[in-house]
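Novice: Structure incoming, see below.
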Amino acid sequence: MEPTKYTQFTTDEKKLIDYAKEKILEYCKKRKSEGLYDTIYAFILSENDQIYEGTFLELPSGVGFCSERAAIANMILKETEKAKIKVLLVACPVPKSLDKPLTPCGACRLAIEKFGTEKTTILCSEFIRKENGWEIFPKIWKFKIEDLYPFPWKDPWKEL
């Protein structure tokens, strides 16, 4: 699977990519200055053209949540449960560029499917801490939810 080239993204996808690049660099610089490690981020462009962010939360008990669901929760907080995802971008810190994308987990895929549409795109990327800064999004993979989750759970009672 080859990553998608920047020229092959829609205007909305480019808008979210550019926003996410700037914000990741800002957050990474802050975390580094405080002696913290890099973490996973997610960004959503909603159908109302609003951008929402989320980050990974890990707790000692093992209970926490992913950045994708945090961003979805922020979208719902501002727009209600009727909000829909136009584009979702998830970015993972990695030690070197990968040959395969790091994609959302199963729980996140369910949430993306619930708050997405058949047009929703999921962009998966990475960023790498270098001695002199960060390399943000050396590769970006582009998916539709059916590419990642071909048989999502559906409530059978709603189908009746």
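The values are calculated or read from the model by the stated rules, or taken from the named source; none is laboratory data. Here the structure is a predicted model, which means the values were calculated and not measured. Cβ: placed from backbone, ideal geometry, glycine included. Neighbour counts: every protein chain shown.
Novice: Would you point out the residue of the stretch 121-136, among those that are surrounded by fewer than 20 Cβ atoms within 10 Å (Cβ to Cβ) and modelled with pLDDT of 90 or more, that is farthest from residue 19 (Cα to Cα)?
Specialist: Of all residues in the stretch 121-136, those surrounded by fewer than 20 Cβ atoms within 10 Å (Cβ to Cβ) come to 128-136.
Subsequent filtering for residues that are modelled with pLDDT of 90 or more retains 128, 135-136.
On the way: 128: 17, 135: 15, 136: 12 Å.
Among residues in the stretch 121-136 that are surrounded by fewer than 20 Cβ atoms within 10 Å (Cβ to Cβ) and modelled with pLDDT of 90 or more, the one farthest from residue 19 (Cα to Cα) is 128.
Novice: Return yes or no: is residue 92 touching a Leu at 6+ places or on another chain (Cβ under 6 Å), within 21 Å of residue 145 (Cβ to Cβ) and of a type outside the set (S, T, N, Q)? Don't jump to the end; show me each part of the working.
Specialist: Numbers: touching a Leu at 6+ places or on another chain (Cβ under 6 Å): yes; within 21 Å of residue 145 (Cβ to Cβ): yes; of a type outside the set (S, T, N, Q): yes.
Yes; evaluated as a whole, the condition is true for this residue.
Novice: Can you tell me which residue in the stretch 29-51 is farthest from the chain's Cα centre (by Cα), limited to those that are within 19 Å of residue 86 (Cα to Cα), assigned to a loop (DSSP other than H, G, I, E, B) and of a type outside the set (Asp, Glu)?
Specialist: At the first step, the residues of the stretch 29-51 found to be within 19 Å of residue 86 (Cα to Cα) are 41-51.
Keeping just the survivors that are assigned to a loop (DSSP other than H, G, I, E, B) gives 47-50.
Next, from what is left, pick out any that are of a type outside the set (Asp, Glu): 48, 50.
Working: 48: 18, 50: 15 Å.
Result: 48.
Novice: Return yes when residue 42 is farther than 27 Å from residue 135 by Cα and of a type in the set (Gly, Ala, Ser) and no when it is not. Give the steps one after another, and end with the answer.
Specialist: Numbers: farther than 27 Å from residue 135 by Cα: no; of a type in the set (Gly, Ala, Ser): yes.
No, not satisfied.
Novice: Can you find a residue that is farther than 19 Å from residue 117 by Cβ and free of Cβ contacts under 8 Å to residues at least 24 places away in the same chain anywhere in the stretch 37-48? Show your work before the answer.
Specialist: Of the stretch 37-48, the ones farther than 19 Å from residue 117 by Cβ are 37-41.
Within this subset, residues satisfying the condition of being free of Cβ contacts under 8 Å to residues at least 24 places away in the same chain are none.
Checked against the condition, which is being farther than 19 Å from residue 117 by Cβ and free of Cβ contacts under 8 Å to residues at least 24 places away in the same chain, the stretch 37-48 yields no hits at all.
Novice: Mind checking which pairs have a first residue in the stretch 2-29 that is surrounded by 14 or more Cβ atoms within 10 Å (Cβ to Cβ) and at pLDDT 95 or above and a second that is among the β-branched types (Val, Ile, Thr) and part of a helix (DSSP H, G or I), Cβ under 7 Å, 6 or more apart or different chains?
Specialist: Short answer, once both residue conditions are applied: 9/17.
Novice: Which members of the stretch 111-141 meet the condition of being within 18 Å of residue 46 (Cβ to Cβ), touching a Pro at 6+ places or on another chain (Cβ under 8 Å) and not β-branched (Val, Ile, Thr)?
Specialist: Start the filter on the stretch 111-141 by keeping residues that are within 18 Å of residue 46 (Cβ to Cβ), which leaves 111-123.
Restricting the remaining residues to those that are touching a Pro at 6+ places or on another chain (Cβ under 8 Å) gives 112-113, 122.
Within the stretch 111-141, 113 is the sole residue that qualifies.
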